[in-house]
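For reference, the structure I am asking about is given below.
The values are calculated or read from the model by the stated rules, or taken from the named source; none is laboratory data. As the structure is a prediction and not an experimental result, all values here were calculated from the model. Here Cβ is always computed from backbone atoms with ideal geometry, including for glycine, and neighbour counts include all displayed protein chains. What goes into the accessible areas is simple: the full protein's heavy atoms, side chains included, and nothing from ligands, DNA or RNA. Shrake-Rupley method; radii C 1.70, N 1.55, O 1.52, S 1.80 Å.
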Amino acid sequence: MFLDNRQVAMDSVLEALADSIDYFQDNLERLRPSLRETLKPHYEARAKALQKLRELARRHLKLLPRDADVERDDYMWLWSRLKSFVGNESQVVIGELLEQERVLMQALATLYTHPLPNPLEPVVEQCWKECRALIRELYRLQKGRRR
């Protein structure tokens, strides 16, 4: 089944959301406990938003769930570990979390170029706001550690 441009854009958002949650969960042990506790509520809210968006995308866009790209996840994990040898582990993870947010923001921006069913609009808007809040928090954490 071929997807139309709007479905592709929504699929990209769902993938970016899932990737960011997976990356955070896979790297919890690499973060200092205080950072972990600061970031955890953001990712818990994101998981709820992802679940809601998946349901709405299935209902209103006829978009079926798909499997994650496991090879990409393995590559990212290995690359991240290599970078940790030359830098602060928590700072490496924060930098990579920021990159995940950039990918998500790009996916959300692309999705906004398409008309969305009314029930999807507020959930996508909330994802945008939460992504911006997480970016601000990550930059704050990154800047605070460098001092």
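Which one of 134, 98, 108 is under 21 Å from residue 61 (Cβ atoms) and either touching a Phe, Trp or Tyr at 6+ places or on another chain (Cβ under 9 Å) or surrounded by fewer than 20 Cβ atoms within 10 Å (Cβ to Cβ) (or both)? If you could, list the steps in order and put the result at the bottom.
On the way: 134 fails: under 21 Å from residue 61 (Cβ atoms); 98 fails: under 21 Å from residue 61 (Cβ atoms).
Residue meeting the stated conditions: 108.
Another one. State all residues of region 1-25 that are within 13 Å of the chain's Cα centre (by Cα) and over 18 Å from residue 110 (Cβ atoms); if no residue qualifies, say none.
21, 22, 23, 24, 25
Considering only region 128-146, I want to know if a residue exists there that is outside any helix (DSSP H, G or I) and among the hydrophobic types (A, V, I, L, M, F, W, C). It would help to see each step written out before you state the result.
Of all residues in region 128-146, those outside any helix (DSSP H, G or I) come to none.
The answer is no, given that none of the residues of region 128-146 is outside any helix (DSSP H, G or I) and among the hydrophobic types (A, V, I, L, M, F, W, C).
Right, something else. Among the candidates 49, 45, which residue alone is assigned to a helix (DSSP H, G or I) and touching a Cys at 6+ places or on another chain (Cβ under 6 Å)? Don't jump to the end; show me each part of the working.
Details: 45 fails: touching a Cys at 6+ places or on another chain (Cβ under 6 Å).
After applying the criteria, what remains is 49.
Now for a different question. Filter region 22-44 for residues that are in contact with an Asp or Glu (Cβ under 9 Å, 6 or more places away or on another chain) and open to solvent by less than 40 Å² (accessible area, probe 1.4 Å) and give the result.
23, 27, 30, 31, 39, listed by residue number.
List pairs: first in region 19-43 and in contact (Cβ under 8 Å) with a residue 60 or more places away in the chain and β-branched (Val, Ile, Thr), second part of a helix (DSSP H, G or I) and surrounded by 15 or more Cβ atoms within 10 Å (Cβ to Cβ), Cβ under 9 Å, 6+ apart or cross-chain?
Correct list of pairs: 38/137; 38/141.
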